[in-house]
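Here's the structure we're looking at; comments come further down.
Derivation of every value follows stated rules applied to the coordinates shown; laboratory data play no part. Worth saying up front: this structure is predicted, and the values here are computed from it rather than measured. Cβ: placed from backbone, ideal geometry, glycine included. Neighbour counts: every protein chain shown.
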Amino acid sequence: MSLFRTSFAPQGDFGSLFRLLDDYDSHRSTRQQAQSSLRSFSPRFDVRESEDAYHLDGELPGIAQKDIDIEFSDPQTLVVKGRTEREYHTEPKAENEGEESAPNHRFWASERSIGEFQRTFNFPGRIDQDAVKANLKNGILSILIPKATVAAVKKITIE
């Protein structure tokens, strides 16, 4: 992002100062994008509502069931959190079975998400926490959150 268009940049004593400010702004925004992509991992979810339930389907490829926690932080807020690490299955085998060779890799690209993640979902109405069901299959986490039935009004007669 440029603070000033090149064609309208002031000339003279302040021209170099404005170029420095533009360069700094560009450097800072590039650096923030790089840092946020390394630190943050937020799985994507589809959230649907039917007459009697909410349906969540999230992409969690390569994450084991044991590394995912689903809990309620309050009566209407569901939290899905977990952790993922990089695993490599293309390591060359050591020439001698007793020796372990330390891999010496130089990354050309590192695009896979790693680290801890957390997603929070707030529901507008009452839900039945005891009937929630979750399933993890082929990297898709599916969660079914039934809506709580509305309590019927009970009229009390006076004797």
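Annotations
- Taking other C-beta atoms within 10 Å as the exposure proxy, TYR88, TYR54 rank TYR88, TYR54 from fewest upward.
- Put simply, when 71-81, 128-138 are sorted by average Cβ atoms within 10 angstrom per residue, most first, you get 71-81, 128-138.
- With neighbours defined as other Cβ atoms within 10 Å of a residue's Cβ, the residues SER113, SER42 order from fewest to most as SER42, SER113.
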